[in-house]
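To start, the structure under review is shown below, and the notes come after it.
The values are calculated or read from the model by the stated rules, or taken from the named source; none is laboratory data. Here the structure is a predicted model, which means the values were calculated and not measured. Note: ideal-geometry Cβ built from the backbone for every residue, glycine included; neighbour counts use all protein chains shown. To get the accessible areas, we keep the full protein, side chains included, count just its heavy atoms, and leave off ligands, DNA and RNA. Shrake-Rupley method; radii C 1.70, N 1.55, O 1.52, S 1.80 Å.
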Amino acid sequence: MTIRSTTVAVVGAGPAGLVLAHLLRRAGLDVTVHERLTRSALEGAARAGVLEHRVVEYLRRLGLADRLTAEGERHGRCEISCLGEEVTVDYGALSGGARHWVYPQQLLVRDLVDRYLADGGTIAFGSPVEAVVPDAAGRPVLRTPDGELRAAYAVGCDGAHGVVAAAFPDGAEGPGRRYPYDWLTVLARIDRPVAAVRYAVHADGFAGMMPRTADVGRFYLEVPAGERLEGWDADRIRAALVHRLGLGGAAPVPGELLETGVLRMRGRVARRMRHGRLLLAGDAAHTVTPSGAKGLNSAVADAADLAGALPAALDGDDGALDGYQRRRLEAAWRTQEFSDRLLDLLHLPAGLPPEQREFALRLRLERIRRIAAPGPEGAAFARDYAGAGELAGPGVWPPAQRSAVASRTTAR
Ligand code: RFL
């Protein structure tokens, strides 16, 4: 059997794994990345598309956002409709200038892969890590199709239900919530670009429309928990979207449905993101519903923080990784609270009798008007939504610092 060794083994080449791998290589560390999907499958998986201001600013500083900023679009307004009223939330202005970037996740992943390989990094595609076990000294050993990989640290950037979390002795699972509804998720051709995210708070259930590219939009439709896709043909989906979102006129209308699915709506945060030399980042540690467009953004923020903490730990700073865990669990709960609050605004309480729906909608309209109005509440919502401020993490390494750490290439 082949036995290889590395300083940091990164499991998963999604946004968290790729950003982490970039940063660690720039810090002079020896990094090995395993991704279970083939390269083309990885770069073809459409998911997120709405990126926070601070995440893109961070990637831009690192020189990892050239195509994103050249081809992506900036969005600073969203529309929330309720009881026939359409409220525009100008969160770009309310936040003091923070706006989203719209750029599909699969294109960002493609760009990060391209650049990583161009910089001399390697990724083992189509190579799932089957298990992670400790050696006699408690160091992680990863079982892969290419043999064993011994590492000083293993980082699970492997999404929910990952193998690294499964190697935590008593599991990493923490509190979670299963929401009393699901969302149909739809990618559809559109006849004109989505000018702004649109949320519909509707007596028939929530619906949402998000921008992706000039001719493709992402749509969401609330359905009962446990709903199966079979009952929803293309015509029924399109009709419900048009009805709830009030589409037509200047707003795009969904045409051909390119991808449909049902998202089981849940949120969860792991109890721990660290066990000894095992670490978790991104969806491996926390999953959040897409309501506030936060999952990918949190994954990149975890990676940025860990990319500062891991080199510090290798340099003997015992508290660095616990600091990572503490900061990022706090951040995960802030994100979870924001997304949960937004979901509460966007959905009527489960089981509400029809005669009480107007009352509940009227209360929601009040809340929507409050977050759209200038003042502390509007500003706080806008800053959270757009991801104002800066990410904590290493910036561009100055040449002197880079050569100082360039010798850290062997597992310790
Ligand atoms: P990922 O992207 O799931 O990547 C994990 C990678 O690990 C690989 N893997 C393994 N590789 C090797 N060995 C193993 N044993 C492995 N097990 C797994 C997988 O193949 C995969 O490539 O996790 P990461 O990096 O933490 O990134 C998280 C984001 O992908 C996720 O949070 C977002 O997509 C969530 N999300 C959104 N987030 C946003 O910030 N903004 C959005 O607009 C947004 N929209 C969305 C979304 C998620 C959605 N769905 C499908 C849940 C819209 C949707 C519909």
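Looking at LEU329, LEU365, just one residue is in contact with a Cys (Cβ under 8 Å, 6 or more places away or on another chain) and at pLDDT 90 or above, and that residue is LEU365. With a requirement of 3 or more residues that are in the same structural domain as ASP318 (by TED's automatic domain parsing) and buried (at least 20 other Cβ atoms within 10 Å of the Cβ), the strands (runs of 3 or more DSSP E) lying completely within segment 252-307 that satisfy it span 278-280.
Suppose we filter segment 78-106 for residues that are within 16 Å of the ligand (Cβ to nearest atom) and either in contact (Cβ under 8 Å) with a residue 60 or more places away in the chain or basic (Lys, Arg) (or both); how many remain? Talk me through it step by step, then tell me what you get.
Residues of segment 78-106 that are within 16 Å of the ligand (Cβ to nearest atom), as a first pass: 78, 91, 98-106.
Filter once more, so that each one left must be either in contact (Cβ under 8 Å) with a residue 60 or more places away in the chain or basic (Lys, Arg) (or both): 78, 91, 98-100, 102, 104-106.
Looking only at that region, the number is 9.
Residues in segment 115-140 that are hydrophobic (A, V, I, L, M, F, W, C), open to solvent by less than 50 Å² (accessible area, probe 1.4 Å) and touching a Lys or Arg at 6+ places or on another chain (Cβ under 9 Å): ILE123, VAL129, ALA131, VAL132, VAL133. Considering ASP191, ASP158, the condition of being open to solvent by 20 Å² or more (accessible area, probe 1.4 Å) and within 16 Å of the ligand (Cβ to nearest atom) is satisfied by ASP158 alone.
Filter segment 173-187 for residues that are in contact with a strand residue (DSSP E or B) (Cβ under 6 Å, 6 or more places away or on another chain) and more than 13 Å from the ligand (Cβ to nearest atom) and give the result. Full working, then the answer.
Within segment 173-187, the first condition is being in contact with a strand residue (DSSP E or B) (Cβ under 6 Å, 6 or more places away or on another chain), and the residues that meet it are 174, 176-178, 181-187.
Across segment 173-187, the qualifying residues are GLY174, GLY176, ARG177, ARG178, TYR181.
Go through (1) more than 18 Å from the chain's Cα centre (by Cα); (2) open to solvent by 10 Å² or more (accessible area, probe 1.4 Å); (3) at pLDDT 95 or above; (4) more than 15 Å from the ligand (Cβ to nearest atom) for THR7 and report which single condition fails. Unmet condition: (2). Which residues, taken from segment 308-362, are outside any helix (DSSP H, G or I) and open to solvent by 20 Å² or more (accessible area, probe 1.4 Å)? ASP315, GLY316, ASP317, ASP318, GLY319, LEU348, PRO349, ALA350, GLY351, LEU352, PRO353, listed by residue number. Residues in segment 345-396 that are of a type in the set (D, E, K, R), farther than 22 Å from ALA293 by Cα and in contact (Cβ under 8 Å) with a residue 12 or more places away in the chain: ARG357, GLU358, ARG362.
Every residue in segment 164-222 that is assigned to a loop (DSSP other than H, G, I, E, B) and in contact with a Cys (Cβ under 7 Å, 6 or more places away or on another chain), please.
Looking only at segment 164-222, we keep the residues that are assigned to a loop (DSSP other than H, G, I, E, B), and these are 167-175, 179-180, 191-196, 202-206, 214-215.
ALA196 - this is the single residue of segment 164-222 that is assigned to a loop (DSSP other than H, G, I, E, B) and in contact with a Cys (Cβ under 7 Å, 6 or more places away or on another chain).
Taking the listed residues LEU107, LEU112, the one that is open to solvent by 40 Å² or more (accessible area, probe 1.4 Å) and part of a helix (DSSP H, G or I) is LEU107, with no other qualifying. Filtering segment 294-315 to residues that are more than 8 Å from the ligand (Cβ to nearest atom) and of a type in the set (Ser, Thr, Tyr) leaves nothing. Any residue at all in segment 25-44 that is open to solvent by less than 30 Å² (accessible area, probe 1.4 Å), under 19 Å from GLY217 (Cα atoms) and of a type outside the set (A, V, I, L, M)? Among the residues of segment 25-44, not one is open to solvent by less than 30 Å² (accessible area, probe 1.4 Å), under 19 Å from GLY217 (Cα atoms) and of a type outside the set (A, V, I, L, M), which makes the answer no.
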